[in-house]
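Report on one structure; see the data block that follows.
Values quoted throughout were computed directly from the atomic coordinates according to the rules given, and no laboratory measurement underlies them. These numbers were taken from a predicted model, which means no experiment stands behind them. Methodologically, a virtual Cβ is constructed for each residue, glycine included, from the backbone with ideal geometry; neighbour enumeration extends over all protein chains shown.
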Amino acid sequence: MSALKTKFYLDKEHKKWAGVCAGIADYTGIDVTVVRLGFVLGTILGSGTLLLAYFIIAWMAPTKPRELYSQSAGDRKFWQEVRANPRRTARDVRLRFRDIDRRLADVEAYVTSSNNRLAREIEQLR
Amino acid sequence: MDGPQILIPILVVGMLFIGLPWLVFHYITKWKTAKTLTSEDENLLDELHELARRLDDRMGTIERIVQADNPNWRALGADPVETALEDRSERLYETSERTNRPSRRT
């Protein structure tokens, strides 16, 4: 069974401490630095509760499976969109298929009409 | 202390220990059923995404080939009645004398 791509993982490759912030950044697509800044500010303002949350997340969340690190940037972005809103992503994919269908229809129309045109040209040369 | 005032702590405790967890778990279960994709869904989505990307690439290649073949193919494909081949007569006869230029069929 392959690893689930819509789960939250600790990102050990881009970690500072445990990889929680890097994991959140990877999960949501927010910049890592922004997430870390948010965590630091939250820790200062929330007097340590967020730090506790950090350790709980680090303890509970599984680490990211090795095969998921080799994703291309496009794939990573795609899965971030899936996590944010699966329904919208499915709609997007359908839209892309429709677009391909339309373009294929254009080419088909051109090719068939050019066959007709060629036949007519030959007819006229006789 | 009379009747209604005794009821207040009971109500508060009830809300805190039954109502609140109920509310939280209600939304947790709702959120879970709405959001989770099974691994089958994921594979399907992955495959479709990959397929769309590949078809898109192929379509791009074919469009480039057709474009090289005839730059105004889109207009021709959209109007199949139009006989228009690419009109090269201008270019062909520009240099030669224009007297024997054949009349183009309509």
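Things worth noting here:
- For the stretch A:52-126 versus the stretch B:37-62, the gap between their alpha-carbon centres in whole angstrom: 5 Å
- Anisotropy class of the stretch A:22-65 from Cα gyration tensor, a/c 1.5 cut: oblate
- Relative contact order of the stretch A:2-126, defined on C-alpha pairs under 8 angstrom at six or more residues apart (%): 23 percent
- Gyration tensor analysis over the Cα atoms of the stretch A:74-126 returns equivalent ellipsoid semi-axes of 45, 9, 4 Å (largest first, whole Å).
- Gain in span if fully extended, residue A:101 to residue A:15, counting 0.36 nm per residue against the direct Cα distance: 26.6 nm
- Kirkwood hydrodynamic radius (C-alpha pairs) into Stokes-Einstein, chain A, 10 °C and 1.306 mPa s, D in µm²/s: 86 µm²/s
- Selection among A:114, A:49, A:74 by position relative to the dipole of chain A gives A:49 as farthest towards the positive end (Cβ unit charges, Cα centre).
- Separation of the alpha carbons by more than 20 angstrom is noted, of A:16/B:32; A:12/B:32; A:64/B:30; A:16/A:64; A:15/A:64; A:77/B:30, for A:16/B:32; A:12/B:32; A:64/B:30; A:77/B:30.
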